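K.L.:
Just dropping this structure here.
The values are calculated or read from the model by the stated rules, or taken from the named source; none is laboratory data. Treat the numbers as computed from the prediction; the structure is a model and nothing was measured. Cβ placement follows ideal geometry from the backbone for every residue including glycine, while neighbour counts extend to all protein chains displayed.
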Amino acid sequence: MASFPGAKVHRLNRRKLGRGQFPNIPSATLTVTLPSATVVKIVSSVPTVFSPSVPLTISAGGPVVSQDQVSQTEVDLHLTSAGTGATWSVPSNIGTTFQGGGTDATSGTF
């Protein structure tokens, strides 16, 4: 018969990472479209908290007048003039995901 308290059993915590290991924090990928001539739609792959002013660099269409967060994954930017045929770029980390990751930088043309 075993008596209480028994011998100490040292078990490793399976949820704990080893020394020098860090959890994988996924980043969100962005998709930028131009659904209307003066509206730029930015959609992320996971729910994201976007910064109060998204720093979109666009070659045509003028500056951004207003910004609307439509859903947890979508932001609409309203331009002063038409942005068709323009090149654009969005820097990295314009938003934060629910796990603490940022957003990837992306660029392209409309």
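K.L.:
Hey, can you tell me all the residues within region 75-94 that are closer than 15 Å to Asp104 by Cα and surrounded by 14 or more Cβ atoms within 10 Å (Cβ to Cβ)?
P.N.:
Let us first name the residues in region 75-94 that are closer than 15 Å to Asp104 by Cα, namely 88-94.
Scanning region 75-94 gives Trp88, Ser89, Val90, Pro91, Ile94.
K.L.:
Looking only at region 95-110, which residues are surrounded by 15 or more Cβ atoms within 10 Å (Cβ to Cβ) and either modelled with pLDDT of 95 or more or of a type outside the set (Asp, Glu) (or both)? Even if it seems obvious, please write down each step before you answer.
P.N.:
If we filter region 95-110 for residues that are surrounded by 15 or more Cβ atoms within 10 Å (Cβ to Cβ), which is where we start, we get 95-97, 101-104, 106, 110.
Within region 95-110, Gly95, Thr96, Thr97, Gly101, Gly102, Thr103, Thr106, Phe110 qualify.
K.L.:
Name the strands (runs of 3 or more DSSP E) wholly within region 13-110 that hold at least 3 residues that are of a type in the set (S, T, N, Q)? Step through it out loud before you land on a result.
P.N.:
Details: elements: 30-36, 39-44, 48-50, 64-69, 74-79, 87-90, 95-97, 106-109.
Here the list reads 30-36, 64-69, 106-109.
K.L.:
Quick check, is Val39 within 14 Å of the chain's Cα centre (by Cα) and either among the polar types (S, T, N, Q) or surrounded by 14 or more Cβ atoms within 10 Å (Cβ to Cβ) (or both)?
P.N.:
Numbers: within 14 Å of the chain's Cα centre (by Cα): no; either among the polar types (S, T, N, Q) or surrounded by 14 or more Cβ atoms within 10 Å (Cβ to Cβ) (or both): yes.
Criteria not met by Val39.
K.L.:
So, one more: Filter region 53-74 for residues that are closer than 15 Å to Val39 by Cβ and either surrounded by 12 or more Cβ atoms within 10 Å (Cβ to Cβ) or aromatic (Phe, Trp, Tyr) (or both) and give the result.
P.N.:
Val54, Leu56, Ile58, Ala60, Gly61, Gly62, Val64, Gln67, Gln69, Glu74
K.L.:
Looking only at region 50-63, count every residue that is under 20 Å from Thr103 (Cβ atoms) and either charged (D, E, K, R) or in contact (Cβ under 8 Å) with a residue 24 or more places away in the chain (or both) and tell me the total.
P.N.:
Narrowing region 50-63 to residues under 20 Å from Thr103 (Cβ atoms): 50-58.
Remaining after also requiring either charged (D, E, K, R) or in contact (Cβ under 8 Å) with a residue 24 or more places away in the chain (or both): 50-51, 54-58.
Counting residues in region 50-63 that are under 20 Å from Thr103 (Cβ atoms) and either charged (D, E, K, R) or in contact (Cβ under 8 Å) with a residue 24 or more places away in the chain (or both) gives 7.
K.L.:
Considering only region 28-35, I want to know if a residue exists there that is out of contact with any helix residue (DSSP H, G or I) (no Cβ under 9 Å at 6 or more places or on another chain), free of Cβ contacts under 8 Å to residues at least 40 places away in the same chain, of a type outside the set (Phe, Trp, Tyr) and surrounded by 15 or more Cβ atoms within 10 Å (Cβ to Cβ).
P.N.:
The answer is no, given that none of the residues of region 28-35 is out of contact with any helix residue (DSSP H, G or I) (no Cβ under 9 Å at 6 or more places or on another chain), free of Cβ contacts under 8 Å to residues at least 40 places away in the same chain, of a type outside the set (Phe, Trp, Tyr) and surrounded by 15 or more Cβ atoms within 10 Å (Cβ to Cβ).
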